[in-house]
Amino acid sequence: MLFIGVIVAAALLLIPQPQYSSAQAPVPNVPLAAPAEETTVTLAAIGDTGANTPFQRAVATQLIDYFHGQHPLDGVLHLGDIIYPEGDIERFGQSHYANHYQALWEEGVPFYLSLGNHDVLRGFRPEILAFYGMPNRYYTFQLANGTGTNKVTVDCFALDTNIYKDVDQIAWLKQALASSTADWQVVYAHHPLHSSGAHGSHKKLTALYAPIFKQYGVDVYMAGHEHDYERFNPIDGTLHVVSGGGGAYLRKFSSQHPQSAVRLRAHHFTVLQFGKQAARGQAIDKTGKVIDAFTIPHTEAIPTGV
Ligand SMILES: [Zn+2]
């Protein structure tokens, strides 16, 4: 019995407890590592970075250290607000963006960006997409590793939630998700659907996009905008994670969303690791400490014609 008690106590320690403050969840400080025989696709996500603060530098340094610590990254998703205060790529492109992540680009780690509200504050300009190498305001790409039955595929869909009512974007997303045959579907953008943060949940965005996520079995939705970290219990099968602590000043939580599982006021980046059968994630703070660990549910699309 004592042995079982010890196991239960140890298991409880692994469960992150909700937090309102900068106190950190009691998760083991061991960076994600897949079993040697498992093929995985690993992504990092950062958001709200472009303030050129010591915090941005610290998070970027941890991300680079993570990569160099034998943790391969297949790509980095940027959740928007790449350059504060108003997306001035001519003045701040180097100091607020490139200087921090160049080391990863030189190692061949691609960045896949989405546009935040600050990035388009001076107006939406084609130069922005050209500067960031984005094919469009919204786009999809596939990351894959392995061969044959061991091949793992992840389809990613970057949205522009600044213009979330865009009927062309919505039609495109439905079509792109419907034709996705990958093992996993990850959608990401700047604005969260659900949030306990300073801005709160975006009800109009949720009304338009949540039914699409449910219908097409989106596994993860990543967003920023809130300068905090928040993970939710899966909502209609989709895991929602807010990861907006990439460098700008942090903000306090203003509420508690009923499905919120973990809320942390911390500068951080998030790691998502997808295997054939299972996927998991971690949030890592600016000191390299693992502040949250979670599993990602595998969600199937709702069959049509039923
Ligand atoms: Zn924002």
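The values are calculated or read from the model by the stated rules, or taken from the named source; none is laboratory data. All values reported here derive from a predicted model rather than from experimental measurement. Positions of Cβ are backbone-derived with ideal geometry, glycine not excepted, and every protein chain shown enters the neighbour counts.
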Next on the checklist: When you check Tyr221 against the structure, is it touching a Leu at 6+ places or on another chain (Cβ under 7 Å) and in a strand (DSSP E or B), yes or no?
Outcome noted: yes
Checklist outcome for this item: Note: among Val109, Val120, Val152, just one is over 30 Å from Pro211 (Cβ atoms), modelled with pLDDT of 95 or more, surrounded by 13 or more Cβ atoms within 10 Å (Cβ to Cβ) and not acidic (Asp, Glu), namely Val109
Item to check | segment 181-195, residues that are touching a residue at least 40 places away in the same chain (Cβ under 8 Å), more than 16 Å from the ligand (Cβ to nearest atom) and assigned to a loop (DSSP other than H, G, I, E, B) | outcome: Ala182, Asp183
Item to check | Selected residue [crowded, with 23+ Cβ neighbours inside 10 Å and more than 16 Å from the ligand (Cβ to nearest atom)] from Leu43, Leu32 | outcome: Leu43
Next on the checklist: List pairs: first residue in segment 44-60 and in contact (Cβ under 8 Å) with a residue 40 or more places away in the chain, second residue in a helix (DSSP H, G or I) and within 16 Å of the ligand (Cβ to nearest atom) anywhere in the structure, Cβ distance under 6 angstrom, at least six positions apart or on different chains.
Outcome noted: Thr49/Gln56; Gly50/His96; Gly50/Tyr97; Asn52/His96
Checklist entry - What do you reckon, is Tyr132 more than 24 Å from Ile235 (Cβ to Cβ), buried (at least 19 other Cβ atoms within 10 Å of the Cβ) and not hydrophobic (A, V, I, L, M, F, W, C)? => result yes
Item to check | Scope segment 188-218; condition basic (Lys, Arg) and either under 17 Å from the mean Cα position of the chain (by Cα) or more than 22 Å from His298 (Cβ to Cβ) (or both); matching residues | outcome: Lys203, Lys204
Checklist entry - Only one of Phe213, Phe157 is farther than 22 Å from Ala248 by Cα, modelled with pLDDT of 95 or more and buried (at least 24 other Cβ atoms within 10 Å of the Cβ); which? => result Phe213
Checklist entry - Cβ-Cβ below 6 Å, separation at least six or inter-chain, first residue in segment 231-257 and farther than 21 Å from Ile284 by Cα, second surrounded by fewer than 20 Cβ atoms within 10 Å (Cβ to Cβ): which pairs? => result Ile235/Gln259; Asp236/Lys214; Ser254/Ala198
Next on the checklist: Restricting to segment 46-87, name every residue that is aliphatic (A, V, I, L, M) and either touching a Pro at 6+ places or on another chain (Cβ under 7 Å) or more than 16 Å from the ligand (Cβ to nearest atom) (or both).
Outcome noted: Ala58, Val59, Ala60, Leu63, Ile64, Leu73, Val76
Next on the checklist: Out of everything in segment 88-138 that is closer than 18 Å to Tyr164 by Cβ and among the small types (Gly, Ala, Ser), what residue ends up being farthest from the ligand (Cβ to nearest atom)?
Outcome noted: Gly123
Next on the checklist: under 21 Å from Gln56 (Cα atoms), of a type in the set (Gly, Ala, Ser) and in contact (Cβ under 8 Å) with a residue 40 or more places away in the chain: which single residue out of Gly93, Gly108, Gly87 fits that description?
Outcome noted: Gly87
Checklist entry - Does Thr299 satisfy being in contact (Cβ under 8 Å) with a residue 24 or more places away in the chain and within 23 Å of Gln169 (Cα to Cα)? => result yes
Next on the checklist: Looking at Thr304, Thr299, Thr270, can you tell me which residue is out of contact with any Lys or Arg (no Cβ under 8 Å at 6 or more places or on another chain), surrounded by 24 or more Cβ atoms within 10 Å (Cβ to Cβ) and among the polar types (S, T, N, Q)?
Outcome noted: Thr270
Checklist entry - What are the residue pairs meeting all of these: first residue in segment 204-227, first residue at positive phi, second residue more than 16 Å from the ligand (Cβ to nearest atom) and not in a loop (DSSP other than H, G, I, E, B), Cβ atoms under 9 Å, and 6 or more apart or on different chains? => result Gly217/Leu177; Gly217/Gln185; Gly217/Thr238
